[in-house]
């Protein structure tokens, strides 16, 4: 089973690009040092759009909690799965799910 | 004219207008939903049983769906897997010695279809994509696989070519359009914005330039469109799950078959004399569903954007795996 973990931090960049979306996140560790994280996901620009993402869904400075699958060796890189905003909003929210005959 | 006569004519005229109006409104209420339905998006599932399928039914936009539906892996539409070539059950023909010398990649990013398996997916030095399908460390020819720096179709925005354009159906639509003079059918592929010309009125030219997309000739067999493509250059990947390039003798035969008015099956057989001798590789299938051409979007692979992914994600992971 792929491990899921969460990270709380501040968005530094967000791109809906090829081949996968990218999220940059600054995370403060317990000592106050800032770790720079790069999370990929999506799976693709089209997939992200269909799942409720827009190019401005995340802006630099947004404080979020991200559920992700860590990459091997923990180089501050992972695969993002879910983003939780302070106001309770969640992405992806799959508004196109109903249109998928697989669902 | 007598007044009563004029009145009668007037009444008859008004009566005709009234009847005409009623008929018009009835027509609007009966036929408008049918007309609207032709342009609406997604999920056209109201095919009457036994509906006749005609060649022109192919000329539309078609959407592919992710195998990872909410029903679970492999439980996509109709229980069909539709992800890369992993649903190909027929083994690849063995490679010729020449192909092993000239066509193998140094490594690939994803799983092969066969080869040496790892006991679990969580192996040091290997990035297995998922536990949902088999995970290998090398393919049957010893090519390292699941390598973060390995080749994948469209890496660095290289052209996908066929059949790799169908690799990930959820990445975008297909659209088929006939030319007005009836000599060609154009296939537009949203994923990486590639397009191909299927020639209906000629054979392959004798002096064929080798190209990324090859040269395609086509004919109808009933409502099936059969397309024969050759003249590929040797620069593109067959599938992200196949660890060698096409040779310049690669040939693809596609059959576009409508299973019903709204479901398209693409059946494919691959040939490559330099790679496989006289053996063919049949059994590839991809599924698409009639969509709306409003959903055909721009999917341009920009080398600069792609490099940000390599810089931000691939390189740090690669360095971590090497212990730097």
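No lab work stands behind these numbers, since they all come straight from the coordinates. What you see is a predicted model; the values in this text were computed from it and never measured. Every residue, glycine as well, gets a Cβ built from its backbone with ideal geometry; the counts of neighbours run over all protein chains shown.
Using 1/(1 + (r/R0)^6) with R0 = 56 angstrom and r between the beta carbons of residue A:93 and residue B:209, what's the FRET efficiency to the nearest 0.05? E between residue A:93 and residue B:209, to the nearest 0.05, is 0.70. Convex hull volume of the Cα atoms of the stretch B:56-321, normalised per residue: 144 Å³. Computed over chain A with a Gaussian network model linking Cα atoms closer than 10 Å, the most mobile of A:26, A:56, A:87 is A:87. Relative to the current alpha-carbon distance between residue B:310 and residue B:248, full extension at 0.36 nm per residue lengthens the span by 19.4 nm. Judged by the gyration tensor of its Cα atoms, with axes a ≥ b ≥ c, chain A is prolate; a/c meets the 1.5 cut and a/b is the larger of a/b and b/c. Using a ≥ b ≥ c from the Cα gyration tensor of the stretch B:230-324 (square roots of the eigenvalues), is it rounded, prolate or oblate, where a/c under 1.5 gives rounded and otherwise the larger of a/b and b/c decides, a/b for prolate? It comes out oblate by the Cα gyration axes. Rounded to whole Å, give me the distance from the Cα center of the stretch A:1-60 to that of the stretch B:134-213. The stretch A:1-60 and the stretch B:134-213 have Cα centres spaced 30 Å from each other. Say we join alpha carbon atoms closer than 10 Å with springs in a Gaussian network model of chain A; which of A:50, A:62, A:29 then has the biggest fluctuation? Result for chain A, Cα springs under 10 Å: A:29 fluctuates most.
Segment residue B:90..residue B:235, full-extension length gain: 49.8 nm, with 0.36 nm per residue of separation and the alpha-carbon distance subtracted.
Placing dummy labels 7 Å off each Cα toward the beta-carbon, the span from residue B:179 to residue B:269 is 2.8 nm.
The relative contact order of the stretch A:19-92, computed from alpha carbon pairs under 8 Å that lie at least 6 residues apart in sequence, is 27 percent. Averaging the sequence gap over all C-alpha pairs within less than 8 Å and six or more residues apart, then dividing by the number of residues, gives the stretch B:56-321 a relative contact order of 22 percent. Modelled label positions at residue A:63 and residue B:300, each set 7 Å beyond Cα in the direction of Cβ, lie 3.9 nm from each other.
Between residue B:16 and residue B:202, the modelled label-to-label distance comes to 5.7 nm, taking each label 7 Å out from Cα in the direction of the beta carbon. Counting 0.36 nm for each residue step from residue B:101 to residue B:195 and taking away their Cα separation leaves a gain of 30.7 nm. If a/c stays under 1.5 just call it rounded; otherwise compare a/b with b/c (prolate if a/b is bigger, oblate if not). Do that for the stretch B:256-311, with a ≥ b ≥ c from the square roots of the Cα gyration tensor eigenvalues. It comes out oblate by the Cα gyration axes.
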